[in-house]
Structures are given as structure tokens and as C-alpha cells.
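Chemist: I am attaching a structure below and will ask some questions about it afterwards.
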Amino acid sequence: MIYPISLAQNLISWYKPSINIKTTEKQDAYYRISLCINKKMHTSIITTITSKTRTVTISRDLPTVIIGERINPTGRTRVLQALQIGDFEQIRQDALAQVQAGAQLLDINAGVPDMDEVQLLPRLIKEVVSVVDVPLCIDTANPKALAAALQVYEGKALINSVNGEESSLSSVLPLASEHHAAVIALCMDDNGIPATSEQRLKVAANIIDRALQFGIPFEDIIIDPLVMAISANSQAGRITFETINKVIQEFGLNIAIGASNISFGLPDRERLNAAFLAMAIQAGVTCPITNPLSMSIRKTVLGADLALGRDDFAAHWINDFRARNV
């Protein structure tokens, strides 16, 4: 086991088991905390994200929650150009289209070169909530922009993201705690992106430890095992799946991924993304950040949920078919 002793203490507090842990008995603590976690694995951990009027529940016992990825100027020239000239109609259209296609959360990114993200990100949030009522995932590496966005957001947001770098931990976690937000935790730290699943798990453990110290509820930590381009490393997919497996086995937390990263630099990206996403959902991903407007992606998610017993009487599958064939 790789838990820091403070993580063992924090998890013991969260699980409220009937045993005592002595801080000097480090090896014993790791063993006992594992027993505590294993007892809780019979019940899937539930993460809730809210807007002013809607609550979205994320759990391995429930259908996959799609986080729509399209309000992001990185790689989307149309969004970039619209934001550069202050045209928010494109943003509103993207928000509506993604929700209509099945996205239950929307990722909001305002990373436009040479623009003031501290001003732009809150404006984007206001524009999006003017046309849809789904909860939002606030996507920024700028702590000041994050603080400004959380200030205007009405509900319990999902922060994308915190990582194991000290600068990230010390700036993002206090804001998450102050605003009662959930966080996506990336398995990378000051040493970069770990090459193995074991190293990524260790980073995840350290982030969980720090988050708990800030009073962030255990269930409000969502782990991102990192999806890297398979064109650069043929083992990238395998490492991601191994990390997912280890995180679930050790902690049972919900899992998010940037699903389309796997196909970067390759042709026929949509089909590869869909194949990877189906495998990732089976491995334990509960809330992928992906494109709900892609028919193959949407059908992949619905099909995976149906095959995994998360769609009673195939209701979602049939309703989607009927909606497309009216």
C-alpha cells in the first residue's frame, strides 16, 4: 500500500470505522485503511454536481455522465474566433446543442491567448447559464480566473482541475473548499506525467490526502488517470486502464478522462475515440469529457451503459433510437 499516514488518518475519519489507528503503526495503518475502503466498495461512491436548479449524480451504479467538451477555444477555431471578437452566440449555440445531444455537464474553458481570462471566464459562465440549466465544469489553470468564475457560479461546480504540483494544490484546493466545489484530480505532479500506473496512483493518493486536509469531502474528488496520445506511446491506453483499475481498487472514487486525447495525431479519430471510450467505461470511467454531438460517441456511451446493466429495459437506448427516427 502507498498511502501517506495522514491520508490513512483522513480516510479513517471519513469512513468512521470501529477500529483505532495509531499514527506510529504505519504499516498496520495501511493494512487497516485498506480493509475500511474494501468494506465501502459494496456501495458505489456518489458525487453530486449542481446548478441553480439541477443536480447531476455521478456513480458507477448509474448511467455514464457525459461532460460536453466543446466550449473550449483550444483546437476549435470557430470558438476561438468568436471569443476574440466578443461574439457569444456561438457559445450559447454550443451549450444548447450539447445538452440536447445528452451532455449532463458542460466543460467551460476560456483560455484565449492575449485575452483576460479573469474577465472572460465568468462572462462565459453567465452566457451559458442563460440558455441551459445543467451544472458546469470550470476548466482553467489560472487560480484568479477560477476564483472569479466560482464567485458568479450558482451551485456546486466541478473544477477542472487540480494536480499534484505544489502550486496547484496550494491555489486550487482552498478555492474548492471555500466554494464547496468538487475537483478533478490529474495524476501528474512536479515531476511531470508519471510513466507507470503505480506512480500515477501514488500521485492520486497525495492529492487526495491534501484535499482531505482542506476539508473537501472524499466523494467530491474525481480522479483523472490521464489519457495520452497513443500515436506517441503505443502503451498509453494500457497505462490508463491500469491506472483506472488501481484507483478504483484502492479508493473507489469516480473517474473522469479527456477521452479524445487518445487519438491525437492519428487518422479516423472518431472511431478510435469511440472504441477507447467503450473500454474506458467498462474499466470504470464514470464521467468522460467528450463530444456528445458525435453520433458514434453518443451511441458508444449508451451501448456501454446498456451492456453493463445501467439501462433498465433498454429505455435510454430505445428512446435515443426513436428520437433519431421520428
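The values are calculated or read from the model by the stated rules, or taken from the named source; none is laboratory data. The shown structure was predicted, so the numbers you read here are calculated from the model rather than taken from an experiment. Using ideal geometry, Cβ is built from the backbone for each residue, glycine included, and neighbour counts are taken over all protein chains shown.
Chemist: Is it fair to say D209 is within 30 Å of L266 (Cα to Cα), in the same structural domain as L105 (by TED's automatic domain parsing) and surrounded by 19 or more Cβ atoms within 10 Å (Cβ to Cβ)?
Modeler: No; evaluated as a whole, the condition is false for this residue.
Chemist: To continue, here is another question. Determine whether Q249 is farther than 21 Å from I58 by Cβ and in the same structural domain as Q282 (by TED's automatic domain parsing).
Modeler: No: the conditions fail for Q249.
Chemist: For segment 56-112, name all the residues that are assigned to a strand (DSSP E or B) and in contact (Cβ under 8 Å) with a residue 60 or more places away in the chain.
Modeler: V56, I58, I67, G68, E69, R70, L105, D107
Chemist: Here's something else I'd like to know. Need the failing condition index for N142 against (1) over 16 Å from I49 (Cα atoms); (2) surrounded by fewer than 18 Cβ atoms within 10 Å (Cβ to Cβ); (3) touching a Lys or Arg at 6+ places or on another chain (Cβ under 9 Å), just the number.
Modeler: Failed condition: (3).
Chemist: Taking the stated definitions as given, is L169 modelled with pLDDT of 95 or more, within 18 Å of the chain's Cα centre (by Cα) and surrounded by 21 or more Cβ atoms within 10 Å (Cβ to Cβ)?
Modeler: Taking the combined requirement at face value, the residue satisfies it.
Chemist: Can you confirm whether K126 is under 28 Å from Q100 (Cα atoms) and under 18 Å from the mean Cα position of the chain (by Cα)?
Modeler: It is false that K126 is under 28 Å from Q100 (Cα atoms) and under 18 Å from the mean Cα position of the chain (by Cα).
Chemist: Is it true that some residue in segment 203-219 is small (G, A, S), more than 19 Å from N245 (Cα to Cα) and in contact with a helix residue (DSSP H, G or I) (Cβ under 7 Å, 6 or more places away or on another chain)?
Modeler: Yes, segment 203-219 contains at least one residue that is small (G, A, S), more than 19 Å from N245 (Cα to Cα) and in contact with a helix residue (DSSP H, G or I) (Cβ under 7 Å, 6 or more places away or on another chain).
Chemist: Now for a different question. How do the strands (runs of 3 or more DSSP E) wholly within segment 118-198 filter down when requiring 3 or more residues that are among the charged types (D, E, K, R): which remain?
Modeler: none
Chemist: Six or more apart or on different chains, Cβ atoms under 8 Å: show the pairs whose first residue is in segment 274-289 and within 17 Å of A229 (Cβ to Cβ) and at pLDDT below 95 and whose second is assigned to a helix (DSSP H, G or I) and acidic (D, E).
Modeler: Hits for this filter: zero, empty list.
Chemist: OK, next. Any residue in segment 295-315 that is assigned by TED's automatic domain parsing to the domain that holds S197, touching a strand residue (DSSP E or B) at 6+ places or on another chain (Cβ under 8 Å) and within 19 Å of L186 (Cα to Cα)?
Modeler: No, every residue in segment 295-315 fails to be assigned by TED's automatic domain parsing to the domain that holds S197, touching a strand residue (DSSP E or B) at 6+ places or on another chain (Cβ under 8 Å) and within 19 Å of L186 (Cα to Cα).
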